[in-house]
Each structure stands twice: as structure tokens, then as C-alpha cells.
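Structure first, then comments.
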Amino acid sequence: MAISVEKILDHVRVPPGKKVRLKDHDPSWAGDLSTPLKDRKERAAEILAEGTAAMAEAQDLLYASDTHSILVILQAMDAAGKDGIIKHVMSGVNPQGCQVQAFKQPTYEELDHNFLWRCMKVLPQRGHIGIFNRSYYEEVLVVKVHPELVQQERIPGAKVNRQFWSDRYEDINTFERHLTRNGTAIVKFFLHVSKEEQRERFLARINDPKKHWKFSPADVAEREYWDKYMEAFEDMLGATSTKWAPWHVIPADYKWVSRAMVAYILATTIERLDLHYPEVSPAKRKQIEEARKKLEKG
């Protein structure tokens, strides 16, 4: 990819307060077309490998410092590649320090709490990486497309109007600000897949018996609301991309592109935390030296 990675990231990162138009973000972007496809794929593979290696090393430092945590949020339409991102980008990470949470239709217990509750209770602890496969953002996406779902939440006096959604965006921004102030770095990715690519991936699932388990009729049914979802994503991205928790619109038609981008962004995010291994006290150093001498004696 002849274009510098930083210039690419400047385009995919959503500036705070900016109105988002997804038509300005090409989901099929695949690097500088003046560079041969083979070279672009090789460079993307290098970036992915470098990112996963950096993630593995950074996780050790994150765990040892025990001061910060990382929260990765993945949002997308179905079949955009969220599972693949988790599998490939986090391939070198120690499972003991990384937890993946998938959020589906809320349970009765979850509906008996505020919309942030089910995510709040599984936030990553210090020293850990937490990945949310979908998240509280479903409450301003699926619920916005299907506003009748608000009734299930039994919110006293709730009126589903513009102010209702504005309040939810504010709640989310305030919540994320609280997290970042207390040591959680938040990295948010919208995997931007085209409607045509989604169709092809759904057909691949249908035509391959080994992938039938991944298919749900509800996924195809939601395609009927594609335009409404795009509007909901645009509103969400514009209202909740902040200085402390920015959104990144990742082109997802080509998995080798999206995986390389996510790996790079995550690796650089952890690097910017400027983590350090804990300082060892003089007393501890003395204990270490005594232990070394005993072990060397056999």
C-alpha cells in the first residue's frame, strides 16, 4: 500500500462532532490501486503480523503494569467479519488476559436494568483486554430501527422521539468518559461492509453445509431495513465519536484490509498508553538476589 498508514487512519477515524456520511467511506477500499494487488495483500499481511506480535508483547506489559484496561468495541451489520477480526487479530494474545463478550437479544433480567447494565458488569479489569462483539450501541442501532423494542424496557414516561436518542448518545458518551478517566482505553470499530458483499457472504453460508450453523433467517430479514440501519449508524458515529473514544470506519469488503487496519490501530493504541513494568523496590531486589544465589548453589 503506497499510501501511508497514518493517512489512511486519518480518513477512517471519525473526528468528534463531525456529521458522518457512509457514502464517503468506500467499503470495498483495498489500498492504492496503482500498486499491484499481490503487493498490497503482502503488505497487509505484514501489518497484521506486526500488529498481532505487538499486541502479544503489549498484553504482557498491560498485565504487569495493572493500571489500564483495553475495551474493544466491534459493531457492524451481519457477516461483516467481526468473528474473523477477533480470531485473527487476537491470535497471539494470552487467553487469560483477554475476554470476548457477545451481546444478543436482551434477557428478561437485562431488560430489568438500564441499557448499559449488561455491558457494565463484564467490563475488562485492569491489566486485561475486553472485546465486545456488539455492545450497548445496539440500543441506538437495532432499537432505533425497531423502536417498538423500547416498550420491553419499561422505562417510565419514555417517549421515543429525537430527544430520547439524544439522551442515549449523551449517556453513552458520559459512560465512556467515566471509563477512560479511570484507566480504560476504548477503541471502537464499525466494520463497513457493502450490501452486495453481505449478500455474497450469506449465500456462501447457505451453499456450504459446514456453515449452516452460522445462518439465521433473521439476518436476511434485517436486510430489508438496510437503509434505516445505515442512517442509524451515521447518526451514532457522528454523535458518539469523541476525543476519548473515537470511532473508526473500517472498510470490510476485503477481510485482509479490515484485519490489517484493526491490528494496527489496536497496537498503536496500546503503545500510546506508555506503559511500564512495575518498579521493583530495593527490598524486593535484595530478595531476588538472595534467591538467585541459592539457586546457583543448587
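Of the candidates ASP235, ASP219, the single residue that is of a type in the set (D, E, K, R), under 27 Å from ARG177 (Cβ atoms) and part of a helix (DSSP H, G or I) is ASP235. Would you confirm, using the coordinates I've provided, whether ALA102 is of a type in the set (A, V, I, L, M, F, W, C) and either surrounded by 14 or more Cβ atoms within 10 Å (Cβ to Cβ) or more than 15 Å from the chain's Cα centre (by Cα) (or both)? So ALA102 does not fit the description; no.
Just one of the listed residues (ARG154, ARG177, ARG168) is touching a residue at least 40 places away in the same chain (Cβ under 8 Å) and crowded, with 17+ Cβ neighbours inside 10 Å, and it is ARG168. Does segment 60-84 hold any residues that are modelled with pLDDT of 95 or more, aliphatic (A, V, I, L, M) and over 17 Å from LYS211 (Cβ atoms), and which are they? Once the filter is applied, which keeps residues that are modelled with pLDDT of 95 or more, aliphatic (A, V, I, L, M) and over 17 Å from LYS211 (Cβ atoms), segment 60-84 yields ILE70, LEU71, VAL72, ILE73, LEU74, ALA76, MET77. Quick check on PRO209: is it at pLDDT 90 or above and buried (at least 17 other Cβ atoms within 10 Å of the Cβ)? No; evaluated as a whole, the condition is false for this residue.
So that you can scan it fast, the table gives a plain yes or no per residue for (1) in a helix (DSSP H, G or I); (2) in contact with a helix residue (DSSP H, G or I) (Cβ under 8 Å, 6 or more places away or on another chain); (3) not aromatic (Phe, Trp, Tyr):
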| residue | (1), (2), (3) |
| --- | --- |
| ALA30 | no, yes, yes |
| ALA45 | yes, yes, yes |
| LEU48 | yes, yes, yes |
| ALA53 | yes, no, yes |
| ALA56 | yes, no, yes |
| GLY92 | no, yes, yes |
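The residue that is farthest from GLY127 (Cα to Cα), counting only those in segment 249-281 that are among the hydroxyl-bearing types (Ser, Thr, Tyr) and modelled with pLDDT of 95 or more, is TYR254. Pairs meeting the criteria (first residue in segment 221-236 and of a type in the set (Phe, Trp, Tyr), second residue buried (at least 17 other Cβ atoms within 10 Å of the Cβ) and at pLDDT below 95, beta carbons under 7 Å, at least 6 apart or on different chains) are lacking.
Any idea how many residues of segment 113-133 are out of contact with any strand residue (DSSP E or B) (no Cβ under 8 Å at 6 or more places or on another chain) and either surrounded by fewer than 20 Cβ atoms within 10 Å (Cβ to Cβ) or among the basic types (Lys, Arg) (or both)? Total satisfying the criteria: 7.
Somewhere in segment 65-84, is a residue of a type in the set (A, V, I, L, M), touching a helix residue (DSSP H, G or I) at 6+ places or on another chain (Cβ under 6 Å), buried (at least 16 other Cβ atoms within 10 Å of the Cβ) and in a helix (DSSP H, G or I)? For segment 65-84, residues of a type in the set (A, V, I, L, M), touching a helix residue (DSSP H, G or I) at 6+ places or on another chain (Cβ under 6 Å), buried (at least 16 other Cβ atoms within 10 Å of the Cβ) and in a helix (DSSP H, G or I): absent.
The values are calculated or read from the model by the stated rules, or taken from the named source; none is laboratory data. Just so you know, these numbers come straight off a predicted model, no measurement behind them. Neighbour counts run over all protein chains shown; Cβ positions are idealised from the backbone, glycine included.
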